[in-house]
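Student: Before I ask anything, let me first share the structure, which is written out below as structure tokens.
The values are calculated or read from the model by the stated rules, or taken from the named source; none is laboratory data. Because the structure is a prediction, the values reported are computed rather than measured. Backbone-built Cβ (ideal geometry, glycine too); neighbour counts: all protein chains shown.
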Amino acid sequence: MFLQLNINNKKAVVKGLLTQQPFFKPNKHFVSEKTGIRHLSSGTNMPKARIRSWNKQKQEVHMDGFNTIAAISTPPGTGGISCVRMSGEKAFEIASRIFRCGKNFKLLQSHSVTYGKIVNEKNETIDEVLVLKMKKPRTYTREDVVEINCHGGTVVTHKILERVFSEGAVPAQPGEFTKRAFLNGRIDLSQAEAVMDLINSKTKKSEKSAAIQLEGRTGNKIKKIRQRIIFLLSHIGVSIDYPEYEDDKIATSAAVEEAMLIESQLFELVENYETGRILREGLNIAVLGPPNAGKSTFINMVTGEEKAIVTHIPGTTRDVLEVQFSLKGYPIILHDTAGIRQTDDFIEKLGVEKSLALKEKSELIILILDAARGLDEETKNLIDQIKKKETVFVVNKTDMKDGNDIVEYIGLKNVIKGILSNDFGTDEILDAVYSRITKGSVDIGDIAVTNARHKLHIDKALEAVGKAVETGKSNAFLDLMSVDLTTAAEELGKITGESAGEDIIRTIFERFCVGK
Amino acid sequence: MEYIAGKYDIVIIGAGHAGCEAALSAARLGCSTVVFTLNIDSVANMPCNPSIGGTAKGHLVREIDALGGQMGKAADATLIQSRMLNKAKGPAVHSLRAQIDRRAYQEEMKKNLEEQKNLDLKQAEVTEVIFDKNKKVIGVKTHTGAVFNCNCAIICSGTYLKSRIIIGEVNYPGGPDGLFPGNELSNCLLKAGIELMRFKTGTPARIHRNSINFSAMEEQKGDEPIVPFSFETEKIEIKQKSCYLTYTNGKTHEVIRANLDRSPLFGGEINGVGPRYCPSIEDKVVRFSDKPRHQIFIEPMGLNTREMYVQGMSSSLPEDIQEKMLKTIKGLERAKTMRTAYAIEYDCINPLQLKSSLEFKNYEGLYSAGQSNGSSGYEEAGAQGLMAGINASRKVMSKKPVALGRAEAYIGVLIDDLVTKGTNEPYRMMTSRSEYRLLLRQDNADMRLTAQGYEIGLISEGRYIEFLNKKEFIKNELQRLKKKIFPPLKVNAFLTKKGANEVKSGISADALLKRPGVSYRELKSIDSDVPECNSVYEEAIEVMCKYEGYLKRQKQQVERFEKNEKKFLSDSIIYSKIGGLRIEARQKLDAVKPCSVGQASRISGVSPSDINVLLIYLEQRRRKRK
């Protein structure tokens, strides 16, 4: 998947990049954030932006209070190239620390493309890249902007994004590049409403993917660790706010011990992120269908070939099985489900309900239907129910019956016919899944970005807990410890969407019996 | 009969802790002021614990003092025991707490009110606030029909509005300490369209000193020397009274459990919302059923009384059960109750209706402060009273209102929480409520606020100059410590004596002081240049030097925080018309009418993306106006 660079296609790439750059093609201005291009192509709420030319307007006053933000500004999967974009006062400084090109970054010309390498903390190469440096105010946001064009693929792009975060950039909020463009006078006043709508719609989308992620195992772990910090904080809090209650006091040594345990849990979490295991918890695909249609056969075929299987995890119910694997670099979780049918059997009913719930939770569905059964009522129902979702339709067992009745009922061109027991059709299905991902009709981008954002907050939480431990060990003041622990709780709270203050107070009164 | 009885700039309704501070500050700032109380013998009453201060609350008293309020001085004059809490837990949470002679405190405060120029103290129940057709306050009316015209009125009605006392199955209209409730004012406020809430709190029994067996209890003495609340009190030399500690036991809990069916808390008699941090003993026993015992503190009510306060035994159980349960406690076997414990329900206003100045958003000239705003505690009340008094005076003088920031003072946190987030239980100040508590210490309350107090007009010229001198002195000394370098030889002798690691090269006095276990006072033994100064200065220097790193970090956080605090929002913004905001955010913003983007971001139900939309909207407005 690595793109070999040579002089010729380097130029080609440069050219291609330039035409994508908002600055040179104003009418694409709104679309180059994270998921932007899809925005344009799906024709949603962004009209053509009228942009005032930069030299006619004086630089605006909103530069203060802005962090340097970063995000992946290309949709996932397209063309093998991704772009990480930074905007803000520190963009050049950060770039100079992570980008090696044989020259001093400061001396690079503005609006020029430079070939080089992005390196990690140990000066090892993460990726070969082309970097576009753009000095304010001739930029989209009217701030200093750096665009790092790297090789596409989730892992590398996110490594670069994480690297940028680790040097002090913060994740761009949904729609933030555009917000800044507006606040800095780059975008016409008449577009204000559209900018607000953009922020709104992007927020909704990213909230949804964040919510989905939090339901997973990682989300639970984060919540548990945060809860543990809150517990410790409430214990410290009660010791401070109710010093007269001897029974409820916590000694500094005990607080340090607990903080160290929390630190090790956070550390483990970070390790997992770094080895990419968590990133692989990405895309949920539900394999649905009536009983005995060949769902499990399909999964066995996928796993039987050992396509980069990571783990087998028995589901929480006895009848849902999760299989994780990587499809050409994309993290996938396949959910094998109970066959869907009307049933009076209580346990089976539960299974069916789970399957239907999974349908809602998944980003993509593979619906496997049974040609041998023919187009009965249940098959029809299932197709009707699922039609609105992003689905790969499969008609299995075409060796027993041609299944054309079903294909006709579905009424779509790209229905896959297969004989899964002979491994006939498996690759076709996986190709279909892959093309849905790369076409962008399945949204993996938000999930991956959420991941990078989560990691940033977990890193910060870990650092804060580390400081708390250090403080507790060196001067033994509970109060100073709690300052850092609160920071940690707040960082994790940015992932779980909770704020520490009221939580601590609530926990104090739930756990401790204090008061006159 | 109604008659015009007089005219004042400012009328204050209630002379509790909020009312006293409000009245004194308003009068001191030059406004003609009258303060009404239901009973002149109950000015600045402490109907609950006979103490002032405690964690976070002690900070509030210090801040009141730094701004020129009275509470700290009155406490210094009448305290009978003093302790500095949390000495081992970090400089930011050191907190002063003092047992107060309750009667003496009342007299002290009353004397201050009586002697204050521009201030009249009157016994009367205010039954009505009079508005003009624009809902601006123009006067108040008392139960005897006297009408006092005014520019501003401050409600400091505490727990007196339509209050009801509940003791087991018995309940009746009544205020704290056997005083009358104010039954009329609530109706007037409701009629004017003000939203009221119903809160509940309670207080334990008072028992006779002679009936207590102290030998069965642990004695708790005060700290020596006494650290005063007020920055202006030089020292306090008194013979301190002790408190005593005892515990409930299985028998106590048995009595309570056997009689829960007679508890109005569990029987549904009480509808008001009680505070989580002030649970009644029956609440504690039910909710923490596995705890074998609960602490009970016996505190003196004063020097000239034998009454003792039983902290930890707040209850609304019937009187006969209270008697039974008291007598199960070690040392209280023969206790004679003088006042029965009771729960009290009362009306208060929903503080979301207030601006940060504590003026009602929709009723010009009407302010509210203290427990009538849904807070709890004397110190919280005093702090709000002071600010309401200051702001009402400034309104009279056509000056801009003053609001303290969250990064400036606990007072700022208190008021911002109340008017931005509201509260669904009596609100108590806690250190955990402050985001920047390393900066909001009790030792530096003057550094944070006295310059403002001077600007407002409540700090005298002399005190201000002294404050400037202190500030300068500390600054110079901190700089000197950085420059002063000790050679290794000299320092190592010092360090070896302390059992600490030696240094190889020279070390600055600043770096030495930053080491764990080294105190500023100890520096004197090797640094002859350490200037003579009192212990208050010493403490300030030590804290600022030792925690420089932490303080710097928190200051950076404050800088980030304040950027949004300085983006002001006009009252004229109609949020329901901003399309990009989510519906919930529009409603909340319209209700609160925040004065800055920062305040808006703290409203529950307003998300970061709403704030982004708001910023876009502001920019749009700005450009349109151009």
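Student: Any residue in the range A:83-108 that is over 16 Å from A:Asn67 (Cβ atoms) sitting within a Cβ distance under 6 Å of a residue that is of a type in the set (Phe, Trp, Tyr) and surrounded by fewer than 22 Cβ atoms within 10 Å (Cβ to Cβ)? List the pairs, counting only those 6 or more apart or interchain.
Tutor: Close Cβ pairs (under 6 Å, with a partner that is of a type in the set (Phe, Trp, Tyr) and surrounded by fewer than 22 Cβ atoms within 10 Å (Cβ to Cβ)) amount to A:Ser96/A:Phe105.
Student: Any idea how many residues of the range B:272-307 are away from every other protein chain (no Cβ under 11 Å) and either under 22 Å from B:Lys327 (Cβ atoms) or not in a strand (DSSP E or B) (or both)?
Tutor: Matching residues across the range B:272-307 total 11.
Student: Residues to consider are B:Asp443, B:Asp527; find the one that is assigned to a loop (DSSP other than H, G, I, E, B), touching an Asp or Glu at 6+ places or on another chain (Cβ under 6 Å) and of a type outside the set (A, V, I, L, M).
Tutor: B:Asp443 is the lone residue from the list that is assigned to a loop (DSSP other than H, G, I, E, B), touching an Asp or Glu at 6+ places or on another chain (Cβ under 6 Å) and of a type outside the set (A, V, I, L, M).
Student: Give me the pairs, please: first residue somewhere in the range A:351-364 and of a type in the set (Asp, Glu), second residue anywhere and surrounded by fewer than 16 Cβ atoms within 10 Å (Cβ to Cβ) and not in a helix (DSSP H, G or I), beta-carbon distance under 8 Å, and either six or more positions apart or on two chains.
Tutor: Once the first residue is of a type in the set (Asp, Glu) and sits in the range A:351-364, its partners that are surrounded by fewer than 16 Cβ atoms within 10 Å (Cβ to Cβ) and not in a helix (DSSP H, G or I) give A:Glu363/A:Glu390.
Student: How many of the residues making up the range B:559-610 are more than 17 Å from B:Val419 (Cβ to Cβ), surrounded by 13 or more Cβ atoms within 10 Å (Cβ to Cβ) and among the charged types (D, E, K, R)?
Tutor: 7
Student: Can you pull out the residues in the range A:448-507 that are free of Cβ contacts under 8 Å to residues at least 60 places away in the same chain and among the polar types (S, T, N, Q)?
Tutor: Correct list: A:Thr471, A:Ser474, A:Asn475, A:Thr487, A:Ser499.
Student: Considering only residues that are of a type outside the set (A, V, I, L, M, F, W, C) and modelled with pLDDT of 90 or more, look in the range A:215-236 and name the one that is farthest from the chain's Cα centre (by Cα).
Tutor: A:His235
Student: Which residues, taken from the range B:1-35, are surrounded by fewer than 24 Cβ atoms within 10 Å (Cβ to Cβ) and either without any contact (Cβ under 8 Å) to a residue 12 or more places away in the chain or assigned to a helix (DSSP H, G or I) (or both)?
Tutor: B:Arg28
Student: On to the next question. Return the residues of the range A:132-187 that are within 14 Å of chain B (Cβ to nearest Cβ), in a loop (DSSP other than H, G, I, E, B) and under 22 Å from the mean Cα position of the chain (by Cα); say none if nothing qualifies.
Tutor: Answer for the range A:132-187, where residues must be within 14 Å of chain B (Cβ to nearest Cβ), in a loop (DSSP other than H, G, I, E, B) and under 22 Å from the mean Cα position of the chain (by Cα): A:Gly168, A:Ala172, A:Gln173, A:Pro174, A:Gly175.
Student: Additional query: Among the residues of the range B:312-335, are any surrounded by fewer than 23 Cβ atoms within 10 Å (Cβ to Cβ) and within 14 Å of another protein chain (Cβ to nearest Cβ)?
Tutor: no
Student: In the range B:520-532, what count of residues is obtained for those that are surrounded by 12 or more Cβ atoms within 10 Å (Cβ to Cβ) and of a type outside the set (D, E, K, R)?
Tutor: So the answer is 4.
Student: Of the residues A:Glu498, A:Glu470, A:Glu491, A:Glu510, which single one is outside any helix (DSSP H, G or I), of a type in the set (Asp, Glu) and either within 29 Å of B:His294 (Cα to Cα) or more than 7 Å from chain B (Cβ to nearest Cβ) (or both)?
Tutor: Sole residue among the options that is outside any helix (DSSP H, G or I), of a type in the set (Asp, Glu) and either within 29 Å of B:His294 (Cα to Cα) or more than 7 Å from chain B (Cβ to nearest Cβ) (or both): A:Glu498.
Student: Here is a further query. Give, as residue ranges, the strands (runs of 3 or more DSSP E) completely inside the range B:334-404 that count at least 2 residues that are closer than 22 Å to B:Lys588 by Cα.
Tutor: B:342-349, B:366-368
Student: For the range B:37-82, which positions are among the β-branched types (Val, Ile, Thr) and within 22 Å of A:Asp241 (Cβ to Cβ)?
Tutor: Of everything in the range B:37-82, those that are among the β-branched types (Val, Ile, Thr) and within 22 Å of A:Asp241 (Cβ to Cβ) turn out to be B:Ile52, B:Thr55, B:Val61, B:Ile64.
Student: Residues in the range A:366-384: is at least one at pLDDT below 75 and under 22 Å from A:Leu327 (Cβ atoms)?
Tutor: no
Student: Suppose we filter the range B:1-52 for residues that are of a type in the set (S, T, N, Q) and over 30 Å from B:Val227 (Cα atoms); how many remain?
Tutor: Here the count works out to 4.
This table checks each residue for (1) more than 9 Å from chain A (Cβ to nearest Cβ); (2) closer than 23 Å to A:Ser474 by Cα; (3) free of Cβ contacts under 8 Å to residues at least 40 places away in the same chain.
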| residue | (1), (2), (3) |
| --- | --- |
| B:Tyr550 | no, yes, no |
| B:Arg553 | no, yes, yes |
| B:Val558 | yes, no, no |
| B:Arg586 | yes, no, yes |
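Student: Follow-up. Would you call B:Gly69 touching a Ser or Thr at 6+ places or on another chain (Cβ under 7 Å) and within 13 Å of another protein chain (Cβ to nearest Cβ)?
Tutor: No; evaluated as a whole, the condition is false for this residue.
Student: On to the next question. Among the residues of the range B:112-120, are any buried (at least 20 other Cβ atoms within 10 Å of the Cβ), in a strand (DSSP E or B) and more than 20 Å from the chain's Cα centre (by Cα)?
Tutor: Checking the range B:112-120: at least one residue is buried (at least 20 other Cβ atoms within 10 Å of the Cβ), in a strand (DSSP E or B) and more than 20 Å from the chain's Cα centre (by Cα).
Student: Can I ask one more? Can you find a residue in the range B:588-610 that is part of a helix (DSSP H, G or I) and within 7 Å of chain A (Cβ to nearest Cβ)?
Tutor: yes
Student: Here's something else I'd like to know. Test of understanding: among B:Arg448, B:Arg463, B:Arg480, which residue is in contact with a Leu (Cβ under 8 Å, 6 or more places away or on another chain), of a type outside the set (S, T, N, Q), away from chain A (no Cβ under 14 Å) and part of a helix (DSSP H, G or I)?
Tutor: Only one candidate passes the filter, namely B:Arg448.
Student: How many of the residues making up the range B:308-333 are assigned to a loop (DSSP other than H, G, I, E, B), more than 29 Å from the chain's Cα centre (by Cα) and within 19 Å of B:Tyr244 (Cβ to Cβ)?
Tutor: 6
Student: Kindly indicate whether A:Glu348 is farther than 21 Å from A:Thr426 by Cα and modelled with pLDDT under 85.
Tutor: yes
Student: Show the residue pairs that are 6+ apart or on different chains and have beta-carbon atoms under 8 Å apart, the first residue being within the range A:224-245 and more than 13 Å from chain B (Cβ to nearest Cβ), the second being surrounded by fewer than 22 Cβ atoms within 10 Å (Cβ to Cβ) and not in a helix (DSSP H, G or I).
Tutor: That search, which allows pairs on different chains as well, returns A:Arg226/A:Glu498.
Student: Within the range B:246-267, is there a residue that is small (Gly, Ala, Ser), part of a loop (DSSP other than H, G, I, E, B) and under 30 Å from B:Ser460 (Cα atoms)?
Tutor: Within the range B:246-267, not a single residue is small (Gly, Ala, Ser), part of a loop (DSSP other than H, G, I, E, B) and under 30 Å from B:Ser460 (Cα atoms).
Student: In the list B:Ser82, B:Ser51, which residue meets the criterion of being modelled with pLDDT of 95 or more and within 14 Å of chain A (Cβ to nearest Cβ)?
Tutor: None of the others qualify; the one that does is B:Ser51.
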